[in-house]
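The values are calculated or read from the model by the stated rules, or taken from the named source; none is laboratory data. Small disclaimer: the values here were computed from a predicted structure and weren't measured. Positions of Cβ are backbone-derived with ideal geometry, glycine not excepted, and every protein chain shown enters the neighbour counts. All accessible areas refer to the heavy atoms of the entire protein, side chains included, with ligands and DNA or RNA removed. Shrake-Rupley method; radii C 1.70, N 1.55, O 1.52, S 1.80 Å.
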Amino acid sequence: MIVTKNLKVKYGRTTIIEGLDFSVKEGEIVSLMGGSGCGKSTLLRAIMRLISITEGEIYIEGRRTDNISEARMNEVRKKMGMVFQEGALFDSMNVSENVAFALRRHTRMKEKEIQEIVMERLEAVGLAGSEKKMPDELSGGMQRRVGVARALALSPKILLYDEPTTGLDPVLTATVVELILKMRERYGTTSVVVTHDIGAAARVSDRVAMMHRGRILEEGTMRDLEESKDEYIKHFLNAMRYETLSGRG
């Protein structure tokens, strides 16, 4: 579903991603872990082509997308949804309007059809009855769930999650984790999850890719990474466990 080949991304003179080869199979959930600035979120944005790459190739469903027109890329984006950190909802729109935004912008559906989809997506994330609430009336966990419902509006084949559990307490984190798994079960989505949360990554992931300095150091299950002999991976996982135990993670 997703393939990058020798991907390189630079901001000015700073290299963020360096020669990265990455792939995700259909229906797979892959988590990206690593320290701040290692390129995790940049990779998501490159896949969506929200930023320009410096070198390399990107393929979505076997189709190269880094060199196509913006109009053609917009068609590809309709098959993809992105759940941003903190939900990133439109503050001036209520829940229903947030979820309906892409449907109104990118389709010619009648309003009745749009509302049916909005209701179905909100029911899927456990927020039926919240249609008229404004974002500032929602808890952090509810905002993340609305973000997932909005990302699902166009029935995407791929969902990209950028730190979906950051700042949430353990109960809300567990809710978001279950939601990611439920979206695959219900819609068959392929997912890439950027996270610092070891527990969440272990629960949702078929595979975890550990990034450092714009490259993938190792890939495997969380157990595979916990048994890694790589010094950076051991240090990172120990640091994340310490933050969780001390209440700072």
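Worth pointing out:
- Residues (assigned to a strand (DSSP E or B) and modelled with pLDDT under 95) located in segment 17-44: GLU18, GLY19
- Scope segment 147-176; condition closer than 15 Å to ALA124 by Cα and assigned to a helix (DSSP H, G or I); matching residues: GLY147, VAL148, ALA149, ARG150, ALA151, THR175, VAL176
- Subset of segment 117-146 that is of a type in the set (S, T, N, Q) and outside any helix (DSSP H, G or I) - its residue that is farthest from the chain's Cα centre (by Cα): SER130
- Any hit, segment 50-70, residues being buried (at least 19 other Cβ atoms within 10 Å of the Cβ), modelled with pLDDT of 95 or more, of a type in the set (Asp, Glu) and in a loop (DSSP other than H, G, I, E, B): yes
- Every condition in (1) assigned to a helix (DSSP H, G or I); (2) modelled with pLDDT under 90 is met by GLY249 except one, and the failing one is (1).
- Taking the numbered list (1) hydrophobic (A, V, I, L, M, F, W, C); (2) open to solvent by 20 Å² or more (accessible area, probe 1.4 Å); (3) farther than 29 Å from THR173 by Cβ in turn, ILE117 passes all entries but (3).
- Those residues of segment 177-195 which are crowded, with 17+ Cβ neighbours inside 10 Å, in contact with a Lys or Arg (Cβ under 9 Å, 6 or more places away or on another chain), outside any helix (DSSP H, G or I) and not polar (S, T, N, Q), in sequence order: VAL194
- The listed residue being of a type in the set (A, V, I, L, M) and within 20 Å of ALA100 (Cα to Cα), out of ALA151, ALA200: ALA151
- Among the residues of segment 1-22, those that are open to solvent by 60 Å² or more (accessible area, probe 1.4 Å) and either closer than 22 Å to PRO164 by Cβ or in contact (Cβ under 8 Å) with a residue 24 or more places away in the chain (or both) comprise LYS5, ASN6, LYS10, ASP21.
- Within segment 90-114, tally of residues that are open to solvent by less than 80 Å² (accessible area, probe 1.4 Å), farther than 21 Å from PRO164 by Cβ and among the small types (Gly, Ala, Ser): 2
- Subset of segment 203-234 that is in a strand (DSSP E or B) and among the hydrophobic types (A, V, I, L, M, F, W, C) - its residue that is most open to solvent (accessible area, probe 1.4 Å): LEU217
- Subset of segment 75-89 (residues that are surrounded by fewer than 19 Cβ atoms within 10 Å (Cβ to Cβ) and within 18 Å of the chain's Cα centre (by Cα)): VAL76, LYS78, LYS79, PHE84, GLN85, GLU86, ALA88
- Selection count, segment 163-176, where residues are touching a residue at least 60 places away in the same chain (Cβ under 8 Å) and open to solvent by 10 Å² or more (accessible area, probe 1.4 Å): 3
- Condition met for ALA200 (crowded, with 17+ Cβ neighbours inside 10 Å and more than 23 Å from ILE17 (Cα to Cα)): yes
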